[in-house]
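The structure appears right after this line, and notes come after that.
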Amino acid sequence: MSTTTARRAARASSRSAGAAPYLLVGPAVLALALFGILPILVAAGVSLTDLNIRGLGDPSSVEFVGLANYERLVADGDFWNALRVTGILAVVGVPTVVLVSLTTALLLHTSGGRLARILRSFYFLPAITAIVAVALVWGYLFNSQFGLLNHLLGTVGLDPVPWLSDPTWAKVSVGIVAVWRASGLNTIILLAGLQGIPHEYDEAAQLDGANRWTRTWRIQVPLLRFALFFVTVTTVISWLQFFDEPYVLTEGGPNKATTSISLYIFQQGFRYNQFGFASAGSLVLLVIIAVVTLVQLRGRRNDVD
């Protein structure tokens, strides 16, 4: 083989190696563009129109309304109520989910044994249980007249609680179900992080005389920082998109006390047939989630620095 031929073969091999990463990530980028970015662009376009069910069949009836949907959104009291409900649930729910998940993961990691392995599956069940089944079971538990919770309260002499008919208790009820559903998956993630910590750290701390409490809060929790950050970010996003629990348990009631921003957008689009207006709400929600996530990522970068 001549020297020129060898050089050409080397350049061809180099180009092939350089293109390999793009070929590997290409399908993922294409899927992201089709199912992630394109719907956002479509929603942004629809939000500038008065699209409704009639417009889907007759596009010529759709009119460009500019920023009118956004102006109407700002003036809508129900929109601000939905934002307030979502904010209250997120502020209370996210720390609760993270704390419950971390405590459960630490207990499972400490206990070990066959029972702990069985409990891992037990705690993961809420994450894979269908929301309809969840609604049936919790709907029975929260029933004001025949529910199990009020029955248990009655056995200790306490008055029944209007779990789903009182605005304040309805928020508590859907929050309890949401915490129950979210804690299982987060517990598994944090437990995996705990099991990835080298045993040498714990053994060295024991030789230095550190007790269980000190080893947990001075070694395990700090080393679990990245997993906690991931769990916190994903939990915040899921609570800002809070939808399933209020939809199946209360449908946003009573008196819109559990109408989250996602449920509000759903109702505007599919119940009141206002796709353009609902798209404007979804764009606002997207911006809120993006800003909150960027703030968290910024905080994480400062922490790493």
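The values are calculated or read from the model by the stated rules, or taken from the named source; none is laboratory data. Nothing here was measured: the structure is a model prediction, and the numbers come from that model. Cβ placement follows ideal geometry from the backbone for every residue including glycine, while neighbour counts extend to all protein chains displayed. With ligands, DNA and RNA removed, areas are computed over all heavy atoms of the protein, side chains included. Shrake-Rupley method; radii C 1.70, N 1.55, O 1.52, S 1.80 Å.
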- Any idea which residue in the range 16-51 is farthest from residue 282 (Cα to Cα), counting only those that are open to solvent by less than 50 Å² (accessible area, probe 1.4 Å) and modelled with pLDDT under 90? 18
- By my count, helices (runs of 4 or more DSSP H) wholly in the range 204-254 with at least 2 residues that are closer than 30 Å to residue 140 by Cα and out of contact with any strand residue (DSSP E or B) (no Cβ under 9 Å at 6 or more places or on another chain) are 225-240, 244-249
- Give the residues of the range 161-206 that are in contact (Cβ under 8 Å) with a residue 60 or more places away in the chain, open to solvent by 30 Å² or more (accessible area, probe 1.4 Å) and closer than 18 Å to residue 131 by Cβ, sorted by residue number. 164, 181, 185
- Query: Restricting attention to the range 69-94, which residues are more than 24 Å from the chain's Cα centre (by Cα) and without any contact (Cβ under 8 Å) to a residue 12 or more places away in the chain?
  - Reply: 71, 74, 75, 76, 77
- Query: Tally time: how many residues in the range 94-133 are more than 14 Å from residue 184 (Cα to Cα), modelled with pLDDT of 80 or more and either polar (S, T, N, Q) or buried (at least 16 other Cβ atoms within 10 Å of the Cβ) (or both)?
  - Reply: 2
- Select from the range 246-274 the residues that are open to solvent by 40 Å² or more (accessible area, probe 1.4 Å) and closer than 26 Å to residue 64 by Cβ and list them in ascending order. 266, 270, 271, 272, 273, 274
- Query: What is the residue count in the range 207-220 for residues that are loosely packed, with under 15 Cβ neighbours inside 10 Å and not hydroxyl-bearing (Ser, Thr, Tyr)?
  - Reply: 8
